[in-house]
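Have a look at the structure below, then the notes.
The values are calculated or read from the model by the stated rules, or taken from the named source; none is laboratory data. Note that the structure is predicted; figures quoted are calculated from it, not measured. Note that each Cβ is placed from the backbone with ideal geometry, even for glycine, and that neighbours are counted across all protein chains shown. For the accessible areas, the whole protein counts, side chains as well, though only heavy atoms, and no ligand, DNA or RNA atoms are used. Shrake-Rupley method; radii C 1.70, N 1.55, O 1.52, S 1.80 Å.
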Amino acid sequence: MKKGNMIISGAAELVTCSGFKGKAGAEMNDLKVINDASIVIEGGLIKSITKDKVDLANYEKMGYEIIDATGKCVLPGFVDSHTHFIFGGYRQDEYDWRLRGQSYMEIMSKGGGIVNSVEGTKNASFEDLYAVGIKRLNSMARFGVTTVEGKSGYGLDLDTEIKQLEVMKRLNEVHSLDIVPTFLGPHARPKTHKEKPDEFIDYMIETVLPVVVEQKLAIFADIFCEENVFSIEQSRRFLNAAKAKGLKLKIHADEIVRLGGAELAAELGAISADHLLQASDEGIRSMQEAGVVTTLLPCTAFSLKEDYARARDMINSECIVALATDFNPGSCFTESIPLLIALATNQMGMTIEETITALTINGAAALGRAAQVGSIDVGKRADLVIHEFPSYKFLPYHIAVSTVEKVIKNGVKIIDLYYDQPL
Ligand code: NIG
Ligand code: FE
(Lines give C-alpha, C1' and ligand atoms only; values in the text may rest on other atoms or scores of the structure.)
(Ligands and ions follow the chains in the order given, each with its own letter.)
Protein backbone atom coordinates (compact mmCIF):
# COMPACT_ATOMS: atom_id res chain seq x y z
CA MET A 1 0.00 0.00 0.00
CA LYS A 2 1.27 3.51 -0.84
CA LYS A 3 2.78 5.53 2.01
CA GLY A 4 2.88 9.28 1.67
CA ASN A 5 4.85 12.33 2.75
CA MET A 6 2.49 15.12 3.72
CA ILE A 7 2.03 18.24 5.86
CA ILE A 8 -1.34 19.05 7.34
CA SER A 9 -0.99 22.63 8.38
CA GLY A 10 -2.71 24.98 10.78
CA ALA A 11 -5.60 22.81 11.98
CA ALA A 12 -7.96 24.74 14.28
CA GLU A 13 -8.17 21.61 16.46
CA LEU A 14 -5.98 18.55 16.37
CA VAL A 15 -8.12 16.06 18.26
CA THR A 16 -5.28 13.70 19.07
CA CYS A 17 -7.02 11.10 21.30
CA SER A 18 -3.40 10.53 22.31
CA GLY A 19 -2.57 7.16 23.83
CA PHE A 20 -1.35 3.67 23.03
CA LYS A 21 -3.97 1.61 24.83
CA GLY A 22 -7.70 1.64 25.48
CA LYS A 23 -9.06 4.35 27.79
CA ALA A 24 -11.36 3.53 30.67
CA GLY A 25 -14.08 5.53 32.39
CA ALA A 26 -13.40 9.23 33.00
CA GLU A 27 -10.24 9.06 30.88
CA MET A 28 -12.52 8.75 27.85
CA ASN A 29 -13.48 12.41 28.26
CA ASP A 30 -9.99 13.78 27.57
CA LEU A 31 -9.38 14.09 23.83
CA LYS A 32 -6.04 15.85 24.28
CA VAL A 33 -6.85 18.56 21.75
CA ILE A 34 -4.07 20.79 20.43
CA ASN A 35 -5.21 24.07 18.86
CA ASP A 36 -3.60 25.62 15.77
CA ALA A 37 -1.19 22.81 15.09
CA SER A 38 0.39 21.05 12.12
CA ILE A 39 1.37 17.45 11.44
CA VAL A 40 4.41 16.27 9.51
CA ILE A 41 3.99 12.84 7.89
CA GLU A 42 6.81 10.78 6.44
CA GLY A 43 6.59 7.36 4.83
CA GLY A 44 2.96 7.10 5.92
CA LEU A 45 3.77 7.63 9.61
CA ILE A 46 3.30 10.65 11.87
CA LYS A 47 6.77 12.19 12.20
CA SER A 48 5.98 15.25 14.31
CA ILE A 49 3.19 17.41 15.67
CA THR A 50 3.97 21.08 16.10
CA LYS A 51 2.45 24.42 17.00
CA ASP A 52 5.36 26.21 15.30
CA LYS A 53 5.11 27.66 11.82
CA VAL A 54 6.13 25.05 9.24
CA ASP A 55 8.19 26.06 6.20
CA LEU A 56 5.64 24.81 3.72
CA ALA A 57 7.49 26.01 0.60
CA ASN A 58 10.51 23.98 1.58
CA TYR A 59 8.47 20.83 2.19
CA GLU A 60 6.63 21.38 -1.09
CA LYS A 61 9.97 21.50 -2.89
CA MET A 62 10.85 18.18 -1.29
CA GLY A 63 7.68 16.68 -2.79
CA TYR A 64 5.44 16.65 0.30
CA GLU A 65 1.74 17.08 -0.29
CA ILE A 66 0.50 20.14 1.60
CA ILE A 67 -3.00 20.22 3.02
CA ASP A 68 -4.24 23.47 4.51
CA ALA A 69 -6.43 22.62 7.51
CA THR A 70 -7.08 26.20 8.60
CA GLY A 71 -10.53 26.43 10.16
CA LYS A 72 -10.90 22.64 10.28
CA CYS A 73 -10.64 19.98 12.94
CA VAL A 74 -8.50 16.91 12.36
CA LEU A 75 -9.29 13.57 14.02
CA PRO A 76 -7.75 10.11 13.85
CA GLY A 77 -9.46 7.88 11.29
CA PHE A 78 -12.38 6.03 12.86
CA VAL A 79 -11.93 2.36 13.72
CA ASP A 80 -15.10 0.37 13.05
CA SER A 81 -14.31 -2.64 15.23
CA HIS A 82 -17.41 -4.79 14.60
CA THR A 83 -18.90 -5.42 11.16
CA HIS A 84 -20.14 -8.27 9.00
CA PHE A 85 -19.54 -6.52 5.67
CA ILE A 86 -18.97 -9.58 3.45
CA PHE A 87 -22.31 -11.16 2.60
CA GLY A 88 -24.40 -12.06 -0.45
CA GLY A 89 -28.04 -11.05 -0.92
CA TYR A 90 -30.17 -8.71 1.17
CA ARG A 91 -33.01 -9.04 3.70
CA GLN A 92 -35.11 -5.94 3.04
CA ASP A 93 -38.35 -7.86 3.68
CA GLU A 94 -37.21 -8.80 7.19
CA TYR A 95 -36.60 -5.13 8.01
CA ASP A 96 -40.06 -4.33 6.66
CA TRP A 97 -41.57 -7.03 8.91
CA ARG A 98 -39.69 -5.61 11.88
CA LEU A 99 -41.06 -2.13 11.13
CA ARG A 100 -44.51 -3.75 11.25
CA GLY A 101 -43.86 -5.22 14.70
CA GLN A 102 -42.20 -8.63 14.34
CA SER A 103 -39.08 -9.21 16.41
CA TYR A 104 -35.65 -10.34 15.19
CA MET A 105 -35.99 -13.59 17.14
CA GLU A 106 -39.53 -14.28 15.83
CA ILE A 107 -38.23 -13.91 12.29
CA MET A 108 -35.32 -16.22 13.12
CA SER A 109 -37.58 -18.89 14.64
CA LYS A 110 -39.70 -18.88 11.44
CA GLY A 111 -36.63 -19.78 9.40
CA GLY A 112 -35.48 -16.25 8.49
CA GLY A 113 -32.54 -14.30 9.78
CA ILE A 114 -28.87 -15.20 9.42
CA VAL A 115 -29.54 -18.46 7.52
CA ASN A 116 -31.07 -16.37 4.70
CA SER A 117 -27.81 -14.53 4.26
CA VAL A 118 -26.03 -17.89 4.40
CA GLU A 119 -27.93 -18.94 1.27
CA GLY A 120 -27.06 -15.65 -0.44
CA THR A 121 -23.40 -15.92 0.52
CA LYS A 122 -23.10 -19.56 -0.60
CA ASN A 123 -24.57 -18.58 -3.97
CA ALA A 124 -22.24 -15.60 -4.41
CA SER A 125 -18.90 -16.15 -6.13
CA PHE A 126 -15.59 -14.88 -4.78
CA GLU A 127 -15.77 -12.12 -7.42
CA ASP A 128 -19.32 -11.12 -6.42
CA LEU A 129 -18.31 -10.77 -2.77
CA TYR A 130 -15.11 -8.97 -3.70
CA ALA A 131 -17.04 -6.43 -5.81
CA VAL A 132 -19.59 -5.61 -3.10
CA GLY A 133 -16.77 -5.59 -0.55
CA ILE A 134 -14.99 -2.79 -2.44
CA LYS A 135 -18.20 -0.77 -2.68
CA ARG A 136 -18.90 -1.16 1.05
CA LEU A 137 -15.36 -0.29 2.10
CA ASN A 138 -15.49 2.82 -0.10
CA SER A 139 -18.69 3.88 1.62
CA MET A 140 -17.13 3.37 5.07
CA ALA A 141 -14.09 5.40 4.01
CA ARG A 142 -16.35 8.30 3.07
CA PHE A 143 -17.56 8.29 6.68
CA GLY A 144 -13.96 8.61 7.86
CA VAL A 145 -13.29 4.96 8.71
CA THR A 146 -9.69 3.87 8.08
CA THR A 147 -9.58 0.50 9.90
CA VAL A 148 -12.42 -1.99 9.87
CA GLU A 149 -13.04 -5.40 11.36
CA GLY A 150 -14.91 -7.93 9.23
CA LYS A 151 -16.44 -11.22 10.31
CA SER A 152 -17.14 -14.43 8.45
CA GLY A 153 -20.25 -16.29 9.63
CA TYR A 154 -22.48 -16.35 6.56
CA GLY A 155 -21.05 -19.69 5.49
CA LEU A 156 -21.52 -22.10 8.39
CA ASP A 157 -19.55 -24.59 6.28
CA LEU A 158 -15.88 -24.97 5.45
CA ASP A 159 -15.91 -23.69 1.86
CA THR A 160 -18.06 -20.63 2.39
CA GLU A 161 -16.40 -19.54 5.64
CA ILE A 162 -13.02 -19.79 3.90
CA LYS A 163 -14.39 -17.95 0.85
CA GLN A 164 -15.51 -15.02 3.02
CA LEU A 165 -12.17 -14.85 4.81
CA GLU A 166 -10.22 -15.11 1.54
CA VAL A 167 -12.25 -12.23 0.10
CA MET A 168 -11.27 -10.13 3.12
CA LYS A 169 -7.64 -11.13 2.73
CA ARG A 170 -7.65 -10.03 -0.92
CA LEU A 171 -9.48 -6.79 -0.08
CA ASN A 172 -6.91 -6.04 2.59
CA GLU A 173 -4.20 -6.38 -0.07
CA VAL A 174 -5.81 -4.11 -2.64
CA HIS A 175 -7.82 -1.59 -0.62
CA SER A 176 -6.36 1.33 1.33
CA LEU A 177 -8.44 0.52 4.40
CA ASP A 178 -6.98 -1.94 6.90
CA ILE A 179 -9.19 -4.98 7.42
CA VAL A 180 -8.96 -7.08 10.58
CA PRO A 181 -10.52 -10.51 9.90
CA THR A 182 -12.58 -12.46 12.45
CA PHE A 183 -13.65 -16.10 12.15
CA LEU A 184 -17.29 -16.21 13.28
CA GLY A 185 -18.04 -19.80 12.22
CA PRO A 186 -20.65 -20.42 14.95
CA HIS A 187 -22.88 -17.49 13.94
CA ALA A 188 -26.12 -19.51 13.66
CA ARG A 189 -27.29 -23.09 13.68
CA PRO A 190 -27.45 -24.22 10.06
CA LYS A 191 -30.65 -25.92 8.85
CA THR A 192 -28.88 -29.30 9.07
CA HIS A 193 -28.03 -28.80 12.78
CA LYS A 194 -31.06 -26.97 14.17
CA GLU A 195 -31.40 -29.56 16.94
CA LYS A 196 -27.71 -30.52 17.08
CA PRO A 197 -25.75 -27.42 18.10
CA ASP A 198 -23.09 -29.46 19.92
CA GLU A 199 -22.32 -31.45 16.80
CA PHE A 200 -22.06 -28.20 14.86
CA ILE A 201 -19.57 -26.81 17.41
CA ASP A 202 -17.56 -30.05 17.02
CA TYR A 203 -17.55 -29.54 13.24
CA MET A 204 -16.37 -25.94 13.62
CA ILE A 205 -13.61 -26.93 16.05
CA GLU A 206 -12.43 -30.05 14.23
CA THR A 207 -12.93 -29.18 10.57
CA VAL A 208 -13.09 -25.43 9.96
CA LEU A 209 -10.95 -23.83 12.70
CA PRO A 210 -7.76 -25.76 11.79
CA VAL A 211 -7.96 -24.57 8.16
CA VAL A 212 -8.61 -20.96 9.19
CA VAL A 213 -5.58 -21.05 11.48
CA GLU A 214 -3.35 -22.99 9.08
CA GLN A 215 -4.04 -20.49 6.28
CA LYS A 216 -3.69 -17.52 8.67
CA LEU A 217 -7.07 -16.16 7.60
CA ALA A 218 -8.22 -14.68 10.92
CA ILE A 219 -6.86 -12.80 13.91
CA PHE A 220 -9.98 -13.15 16.06
CA ALA A 221 -12.57 -15.85 16.73
CA ASP A 222 -16.14 -14.92 17.65
CA ILE A 223 -19.44 -16.70 18.41
CA PHE A 224 -23.10 -15.69 18.68
CA CYS A 225 -23.76 -16.65 22.31
CA GLU A 226 -27.54 -16.33 22.58
CA GLU A 227 -30.63 -18.23 23.64
CA ASN A 228 -31.59 -20.74 20.92
CA VAL A 229 -28.29 -20.10 19.13
CA PHE A 230 -25.18 -21.15 21.15
CA SER A 231 -25.14 -21.62 24.91
CA ILE A 232 -22.52 -20.45 27.39
CA GLU A 233 -21.02 -23.94 27.51
CA GLN A 234 -20.88 -24.25 23.71
CA SER A 235 -19.35 -20.78 23.48
CA ARG A 236 -16.75 -21.61 26.12
CA ARG A 237 -15.81 -24.78 24.25
CA PHE A 238 -15.45 -23.07 20.86
CA LEU A 239 -13.61 -20.01 22.16
CA ASN A 240 -11.21 -22.11 24.24
CA ALA A 241 -10.38 -24.19 21.17
CA ALA A 242 -9.77 -21.03 19.13
CA LYS A 243 -7.63 -19.54 21.89
CA ALA A 244 -5.55 -22.72 22.09
CA LYS A 245 -4.82 -22.29 18.38
CA GLY A 246 -3.62 -18.71 18.89
CA LEU A 247 -6.68 -16.67 17.90
CA LYS A 248 -7.73 -13.70 20.01
CA LEU A 249 -11.30 -13.69 21.23
CA LYS A 250 -14.46 -11.70 20.72
CA ILE A 251 -18.00 -12.66 21.64
CA HIS A 252 -21.52 -11.56 20.69
CA ALA A 253 -22.72 -11.39 24.29
CA ASP A 254 -25.97 -10.72 26.15
CA GLU A 255 -27.67 -9.14 23.15
CA ILE A 256 -31.27 -10.32 23.45
CA VAL A 257 -31.24 -12.56 26.54
CA ARG A 258 -28.99 -12.23 29.60
CA LEU A 259 -27.09 -15.52 29.35
CA GLY A 260 -23.87 -14.35 31.00
CA GLY A 261 -21.77 -13.78 27.90
CA ALA A 262 -20.16 -10.76 29.57
CA GLU A 263 -18.91 -12.92 32.45
CA LEU A 264 -17.67 -15.54 29.97
CA ALA A 265 -15.71 -12.88 28.05
CA ALA A 266 -13.98 -11.92 31.31
CA GLU A 267 -13.31 -15.55 32.26
CA LEU A 268 -11.68 -16.30 28.90
CA GLY A 269 -9.72 -13.04 28.63
CA ALA A 270 -11.53 -11.94 25.47
CA ILE A 271 -10.27 -8.72 23.90
CA SER A 272 -13.86 -7.51 23.54
CA ALA A 273 -17.45 -8.43 24.32
CA ASP A 274 -19.96 -6.92 21.93
CA HIS A 275 -23.64 -5.83 22.01
CA LEU A 276 -24.22 -6.21 25.80
CA LEU A 277 -27.74 -4.75 25.75
CA GLN A 278 -28.65 -7.10 28.60
CA ALA A 279 -25.30 -7.30 30.43
CA SER A 280 -25.73 -7.61 34.20
CA ASP A 281 -24.04 -5.47 36.86
CA GLU A 282 -21.88 -8.46 37.69
CA GLY A 283 -21.03 -8.87 34.00
CA ILE A 284 -20.02 -5.21 33.75
CA ARG A 285 -17.87 -5.53 36.85
CA SER A 286 -16.12 -8.64 35.62
CA MET A 287 -15.40 -7.14 32.18
CA GLN A 288 -13.91 -4.06 33.86
CA GLU A 289 -11.70 -6.20 36.09
CA ALA A 290 -10.50 -8.34 33.19
CA GLY A 291 -9.88 -5.32 30.91
CA VAL A 292 -12.34 -6.59 28.28
CA VAL A 293 -13.31 -3.82 25.85
CA THR A 294 -17.10 -3.40 25.97
CA THR A 295 -18.15 -2.76 22.38
CA LEU A 296 -21.55 -1.12 22.02
CA LEU A 297 -23.52 -1.13 18.77
CA PRO A 298 -26.24 1.53 18.99
CA CYS A 299 -27.30 1.31 15.35
CA THR A 300 -28.30 -2.33 15.99
CA ALA A 301 -30.41 -1.47 19.03
CA PHE A 302 -32.04 1.27 16.92
CA SER A 303 -32.68 -1.06 14.01
CA LEU A 304 -34.09 -3.78 16.32
CA LYS A 305 -36.07 -1.23 18.36
CA GLU A 306 -34.40 -2.55 21.53
CA ASP A 307 -33.26 -0.49 24.52
CA TYR A 308 -29.70 0.79 24.18
CA ALA A 309 -26.82 -0.75 26.10
CA ARG A 310 -26.03 0.85 29.47
CA ALA A 311 -23.13 2.98 28.28
CA ARG A 312 -23.22 5.33 31.29
CA ASP A 313 -23.12 2.47 33.78
CA MET A 314 -20.18 0.95 31.92
CA ILE A 315 -18.25 4.21 31.77
CA ASN A 316 -19.03 4.97 35.41
CA SER A 317 -17.75 1.47 36.24
CA GLU A 318 -14.43 2.30 34.54
CA CYS A 319 -14.92 0.05 31.52
CA ILE A 320 -13.09 0.61 28.24
CA VAL A 321 -16.06 1.35 25.97
CA ALA A 322 -15.83 1.15 22.18
CA LEU A 323 -18.54 1.93 19.62
CA ALA A 324 -18.96 0.21 16.26
CA THR A 325 -21.59 -0.02 13.53
CA ASP A 326 -22.25 -3.81 13.37
CA PHE A 327 -22.92 -3.28 9.65
CA ASN A 328 -24.67 -6.47 8.45
CA PRO A 329 -27.58 -7.48 6.19
CA GLY A 330 -30.01 -8.34 8.98
CA SER A 331 -30.00 -6.67 12.37
CA CYS A 332 -28.24 -3.50 11.20
CA PHE A 333 -27.90 -2.61 7.54
CA THR A 334 -26.02 0.62 8.03
CA GLU A 335 -22.38 1.64 8.04
CA SER A 336 -23.32 5.20 9.00
CA ILE A 337 -20.93 6.76 11.50
CA PRO A 338 -23.01 9.98 11.67
CA LEU A 339 -26.06 7.96 12.75
CA LEU A 340 -23.95 6.13 15.32
CA ILE A 341 -22.68 9.45 16.74
CA ALA A 342 -26.23 10.81 16.88
CA LEU A 343 -27.47 7.76 18.80
CA ALA A 344 -24.52 7.55 21.20
CA THR A 345 -24.73 11.21 22.16
CA ASN A 346 -28.45 11.88 21.99
CA GLN A 347 -29.87 8.52 23.11
CA MET A 348 -27.22 6.74 25.19
CA GLY A 349 -26.04 9.69 27.24
CA MET A 350 -22.44 9.56 26.07
CA THR A 351 -20.57 12.83 25.72
CA ILE A 352 -19.11 13.62 22.32
CA GLU A 353 -15.64 13.25 23.86
CA GLU A 354 -16.47 9.73 25.08
CA THR A 355 -18.03 8.94 21.72
CA ILE A 356 -14.93 10.00 19.77
CA THR A 357 -12.67 8.03 22.15
CA ALA A 358 -14.92 5.00 21.66
CA LEU A 359 -14.63 5.28 17.87
CA THR A 360 -10.88 5.83 17.74
CA ILE A 361 -8.39 4.63 20.36
CA ASN A 362 -10.88 2.30 22.07
CA GLY A 363 -11.98 0.86 18.72
CA ALA A 364 -8.30 0.24 18.01
CA ALA A 365 -7.95 -1.44 21.43
CA ALA A 366 -10.89 -3.71 20.56
CA LEU A 367 -8.80 -4.89 17.60
CA GLY A 368 -5.50 -5.14 19.46
CA ARG A 369 -4.16 -2.25 17.33
CA ALA A 370 -3.98 0.62 19.84
CA ALA A 371 -0.21 0.85 19.44
CA GLN A 372 -0.49 1.45 15.68
CA VAL A 373 -3.72 3.39 15.01
CA GLY A 374 -6.60 5.16 16.77
CA SER A 375 -4.81 8.36 17.78
CA ILE A 376 -2.65 11.17 16.43
CA ASP A 377 0.67 10.29 18.02
CA VAL A 378 4.21 10.38 16.71
CA GLY A 379 5.14 6.99 15.27
CA LYS A 380 1.57 5.92 14.53
CA ARG A 381 0.14 5.46 11.07
CA ALA A 382 -1.00 8.70 9.48
CA ASP A 383 -4.67 7.69 9.30
CA LEU A 384 -6.38 11.04 9.66
CA VAL A 385 -9.64 12.73 8.82
CA ILE A 386 -10.11 16.42 8.13
CA HIS A 387 -13.58 17.53 9.07
CA GLU A 388 -15.39 20.49 7.58
CA PHE A 389 -15.79 22.48 10.81
CA PRO A 390 -13.34 24.08 13.29
CA SER A 391 -14.37 21.95 16.26
CA TYR A 392 -15.20 18.30 16.97
CA LYS A 393 -18.33 19.61 18.71
CA PHE A 394 -19.89 19.95 15.25
CA LEU A 395 -19.90 16.14 14.83
CA PRO A 396 -23.03 15.53 16.96
CA TYR A 397 -24.43 19.01 16.28
CA HIS A 398 -24.70 18.43 12.51
CA ILE A 399 -27.17 15.70 13.29
CA ALA A 400 -26.66 12.45 11.37
CA VAL A 401 -24.79 14.25 8.58
CA SER A 402 -21.19 13.43 7.76
CA THR A 403 -18.73 16.25 8.41
CA VAL A 404 -15.88 14.40 6.70
CA GLU A 405 -14.03 16.42 4.08
CA LYS A 406 -10.76 14.57 3.44
CA VAL A 407 -9.55 11.14 4.48
CA ILE A 408 -5.82 10.43 4.71
CA LYS A 409 -4.64 6.80 4.92
CA ASN A 410 -0.93 6.13 5.53
CA GLY A 411 -0.23 9.74 4.57
CA VAL A 412 -2.08 9.47 1.23
CA LYS A 413 -5.30 11.37 0.53
CA ILE A 414 -7.88 8.74 -0.44
CA ILE A 415 -11.09 10.81 -0.17
CA ASP A 416 -11.74 14.46 -0.94
CA LEU A 417 -15.33 15.62 -0.53
CA TYR A 418 -14.61 19.34 -0.53
CA TYR A 419 -16.98 21.15 -2.92
CA ASP A 420 -17.19 24.91 -3.20
CA GLN A 421 -18.64 25.18 -6.69
CA PRO A 422 -22.26 24.70 -7.72
CA LEU A 423 -22.77 21.10 -8.83
O1 NIG B 1 -24.21 -8.77 15.35
N2 NIG B 1 -26.28 -10.97 16.53
C3 NIG B 1 -25.76 -11.71 15.69
N4 NIG B 1 -25.15 -11.36 14.56
C5 NIG B 1 -25.36 -10.14 13.88
C6 NIG B 1 -26.60 -10.18 13.09
C7 NIG B 1 -26.39 -10.83 11.79
C8 NIG B 1 -27.60 -10.89 10.90
O9 NIG B 1 -28.77 -10.71 11.31
O10 NIG B 1 -27.34 -11.18 9.73
C11 NIG B 1 -25.29 -8.99 14.85
O12 NIG B 1 -26.27 -8.28 15.11
FE1 FE C 1 -22.41 -8.58 15.03
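Here segment 193-244 was treated as a single set of alpha-carbon atoms; its pair distances binned every 10 Å from 0 give 24, 57, 19, 1 percent.
Placing one equal scatterer on every Cα of the chain and applying the Debye formula, the log10 ratio I(q)/I(0) at q = 0.06, 0.07, 0.09 Å⁻¹ is -0.23, -0.32, -0.52. Applying a DSSP loop filter and a limit of 16 other Cβ atoms within 10 Å to the GluC sites (Glu not before Pro) in segment 179-208 leaves 195.
Segment 334-397 and segment 22-51 have Cα centres separated by 12 Å. Counting only helical runs of four or more DSSP H residues, what would the 222 nm mean residue ellipticity of the chain come to if each run contributes -39,500 (n - 2.57) and the total is spread over all its residues? Roughly -10000 deg cm²/dmol at 222 nm, from the helical runs in the chain.
For segment 262-360, the spread of Cα positions along the three principal axes, ordered from largest to smallest, is 32, 29, 23 Å.
Report, to the nearest whole %, how much of the accessible area of the chain belongs to carbon and sulfur atoms, 1.4 Å probe, protein only. Can you show the working numbers first?
Details: 8180 of 16310 Å².
The computed percentage sits at 50.
Here the calculated FRET efficiency for residue 128 and residue 169, from their Cβ-Cβ distance with R0 = 22 Å, stands at 0.85, rounded to the nearest 0.05.
When the expected Rg is taken as 2.2 N^0.38 Å, what fraction or multiple of it is the alpha-carbon Rg of segment 15-164? Don't skip to the answer; put the middle values down first.
Details: Rg = 22.3 Å, N = 150, 2.2 N^0.38 = 14.8 Å.
The reported ratio for this selection is 1.51.
Which of rounded, prolate, oblate describes segment 1-63, given a ≥ b ≥ c as roots of the alpha-carbon gyration tensor eigenvalues and a/c under 1.5 marking rounded, otherwise prolate only if a/b is larger than b/c? Verdict is oblate for segment 1-63. Under a crude label model (7 Å from the Cα following the beta-carbon direction), how far is residue 307 from residue 195 in nanometres? Inter-label distance under the simple model: 3.6 nm.
Please give the FRET efficiency for residue 207 paired with residue 32, using the beta carbon to beta carbon distance and R0 = 35 Å, rounded to the nearest 0.05.
Details: r = 48 Å, r/R0 = 1.36.
For R0 = 35 Å, the calculated efficiency reads 0.15.
Projecting the Cα atoms of 167, 287, 277 onto the charge dipole of segment 79-365 (Cβ charges, centred on the Cα centre) puts 167 farthest toward the positive pole.
Rolling a 1.4 Å probe over the heavy atoms of the protein chains gives the chain an accessible area of 39 Å² per residue.
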